[in-house]
Structures are given as C-alpha cells and as structure tokens.
1. Restricting the calculation to Cα positions, tell me the Rg (one decimal) and the Dmax (whole number) of region 172-271 in Å.
2. Considering only protein heavy atoms, what per residue accessible area in square angstrom results for region 207-339 with a 1.4 angstrom probe?
3. In nm², what is the average projected area of the convex hull enclosing the Cα atoms of region 314-426?
4. Would you mind giving the three semi-axes, in whole Å and largest first, of the ellipsoid equivalent to region 191-237 according to its Cα gyration tensor?
5. Kindly provide the pair-distance distribution of region 260-312 built from C-alpha pairs, with 10 Å bins from 0 and whole-percent values in order of increasing distance.
6. Quick one: divide the alpha-carbon radius of gyration of region 252-354 by 2.2 N^0.38 Å and tell me what you get.
7. Work out how much length ILE231 to GLN331 would gain on full extension: take 0.36 nm times their residue separation and subtract the Cα-Cα distance, in nm to one decimal.
Amino acid sequence: MALQQIIDRRAAGKNKSIGNRERFLRRHQEQIREAVRRAVQGRSIRDLERGEEIHIPRKDLSEPVLEHGPGGVRDLVHTGNRDYLTGDHIERPKGGQGGSGSQASDSGEGEDDFVFSLSKEEFMQIFFEDLALPHLVRTQLAEMPEYRSHRAGYTSDGTPNNLHVLRSMRGALGRRIALGTASRRELQALEERATELRRQPGEDPVARQELAEIEARIAVLKARLGLIPFIDPIDLKFRSRVRTPVPTAKAVMFCLMDVSGSMDEQRKELSKRFFILLYLFLTRHYEKIDLVFIRHHTQAQEVSEEDFFHARETGGTVVSSALELMANIIQERYPSGEWNIYGAQASDGDNWESDDPACQRLLHEALLPACRYFAYVQVVDEPKNLWRAYEEVAATHRNFALRRVSDASQIFPVFRDLFKREGATR
C-alpha cells in the first residue's frame, strides 16, 4: 500500500497555525460575535472595513480538564496542630480568602483578558454572517458593466479595416534593407572589380578566369536579392483597440435622514445601521464611491458624517427640502452620465401633508430619472402620510423601493430584501 503525504501550503505567518486559529474562532464564536457587534456600534461608516482587536475574558476560555483521582482506600498521616483534633469540622474561610480565583489582589497581580486581532476578511465574514450576503452579490447592480473602446498601439494581426498602411510599408522597407545590405555591398564591390578587369588590354587568361568567377558570383547575389519579398506578413501592422470600463466604477450614495423632534436616538440608530450596510454593499461593486450626508428638519443641510449622526439640531419636518438639496448637488457635482447615483432615505414618516405633493414631484421629475436605485426606510411600523405618498411613486418607478422597520433585528432581512436580484427566491 502506497503511503500518501498531504502537505498544507497555505500561507501562514511564523509560529502560527491556520488550523488552530480556525478551531479557536469556531469554539468561541459567540464571544467574537458580541465583540464585533460592540465594535460596529462605535465605528464610522468609512472605518467599518478594517480589522479589530478582540478581548475575551480569561474565565470564558476555561475548559473542563480530566484528572486522575486517588482511587482505592489509602491511609495517610498528616501533620497535626494544637487547634483541631480528628473528626473536627473546619469552617470555610470568610471573605473569599483561600480561593484560587484570577481576580487582581492588592499587590497588583492578576490575569488580563485574552486579546487577539481579527483580520479584515475575518471581521467582515463575521459581520455578514446574519446577512446572507451571497444573495446580495448576485444582484443586478453588479451585472451592469459598461465599456469603451480606444486605441492601444499596434498589433501583428487584425482585421483588414484596421490595417495601418504607412506603418506596414515602413516595416517592409526596413526588413528589405536589413536583409539585403550585405549582399548589395558585396555586389557593388564585385561590379566595380569586373569593370576594371574589362578595361585591361590583352588576353590575360588569369584576368579572364577571375572575371568569369566574378560574373557568376554577381548572378548569385542578384538572384538572392530578387528572392527578398517586397512585403511579408510579418510587416503588416494593425491598429489595436482595447475595451476598458467607462467611469461606471464611480458611484455616489446620498444618505438622507430626518432629524426632526420625533426622531429619537433609537430611530437614528436604526437609520445608521441601514446606511452602514448600504455603504458596505456599494463598496464591493465600485472602486470609487462618494458619500453625501444630508440631514433635514424644516431645512436641509449637507453635513459631515459626524454631524450626520451626532448633531443635536432639531425642528419640524419638511422632507422636500432634503430632496431638493439632493437634486441640486447632483446637478452641480454628479452628472448622471458619469456617476452611478444611489439614494437612501430614513425617516419616521411624519411630514406636513401640504409638502407631500412637492416630494412626489421631485422624485418623479428630478431624482428617480437620475438614480440607479433609491430606497426609503421608515423606522416606525405604522404607515404615515409620507409612506402613503411614496407608495404612489413606487407604483410607477421600479428603481424606487420602500420598507418599514421598527426593531434592530429587522434591519438585516429588510436590507437583504431590498437588494435581492429580481427572480430570486425570497
């Protein structure tokens, strides 16, 4: 029977074991998931895709250990003292004395938590475990490549309509010169010598013999030069054209959030989670992506990410102000012919009823024709007047979707449902 040897050539750092690391991650996956959730809550959208240091308490790493008991009947003699006799009961020490725990003492000694680092890929894999991300990867947003053909030098093969005549003739001339230079130089010297011999008087047999040899050599050289083709297939040069992606690798995501008085911290937290998932989704399809944060109450304002989630300014609700500001920014900075435009709006649905027609008009005329996709998430369960107005818009635009969430556990399935490819099983 032949002996088979299996060699693991997976890249691993010095003094590290991939197998041991994978077993450790599986064994303590609950503690790691909880640490990842805590890390996500304290991160910004742009910093989400990086590794993380995970702290696990030492007590959570303890495992049962099998030890050999004494077994059988044994007679032992122990050292005695003046306080206790045989058969006396010894009380348990009070105040936790005598324990072998890992708590720090007054001397400063103790055991630290176990700390290790998750790589970027490990962090994202754990983060997306509950999201069913493979369904998102197959969405139509990733299946819309656009290319542009442009010239990229010359090649030796191609179609006749791409033939470059001037460069082909230049190559043929250079080839003929390179192949025939030595023969032409020798031919010129022989012809000059033959002319001298013909001018000599008399009938010198040696001269006649040399002249005959020269004429024979001249004939050979002329025949050799005649065999050099005027143009050869290797001389042909064709214009080369390559297809490169047009600037569809550029995308911009507009994040619109209602910060009116009715949007409390819980609703803002739901909005942040949705925006984080949308950002991660788009960064996997586009090399370059811009983020535009718009917060609004009665007035809309473009702000930084920090102000978007943490500013305390509040007021009433006029949703059309945010939509109008988004339309103006698109017109000034992001022409739809060069950018893939996405919009995500989060609100509790409260809006002045007199403002609903203006919202519908902006979506119909300015935003949805320019956007690849626009998603509206209402962070309360009961439908409000803005929801009813948006339902009329969604009936006529396939790139406009709206969902309702009222709890953090609903964010993942709602997001997966929003970006699932058409025809996929829900």
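1. So, for region 172-271, Rg and Dmax equal 39.8, 126 Å respectively.
2. Details: 6650 Å² over 133 residues.
On a per-residue basis, 50 Å².
3. Computed as one quarter of the Cα hull surface, the answer is 8.1 nm².
4. 36, 9, 5
5. Answer for region 260-312: a P(r) of 20, 50, 25, 5 percent.
6. Numbers: Rg = 13.6 Å, N = 103, 2.2 N^0.38 = 12.8 Å.
The reported ratio for this selection is 1.06.
7. On the way: separation 100, 0.36 × 100 = 36.00 nm, distance 5.62 nm.
Once the chain is fully extended between ILE231 and GLN331, it gains 30.4 nm.
The values are calculated or read from the model by the stated rules, or taken from the named source; none is laboratory data. Since the structure is predicted, the reported quantities are computational estimates derived from the model, not experimental observations. In case anyone asks, the SASA skips ligands and DNA or RNA and just uses the protein heavy atoms, side chains included. Shrake-Rupley method; radii C 1.70, N 1.55, O 1.52, S 1.80 Å.
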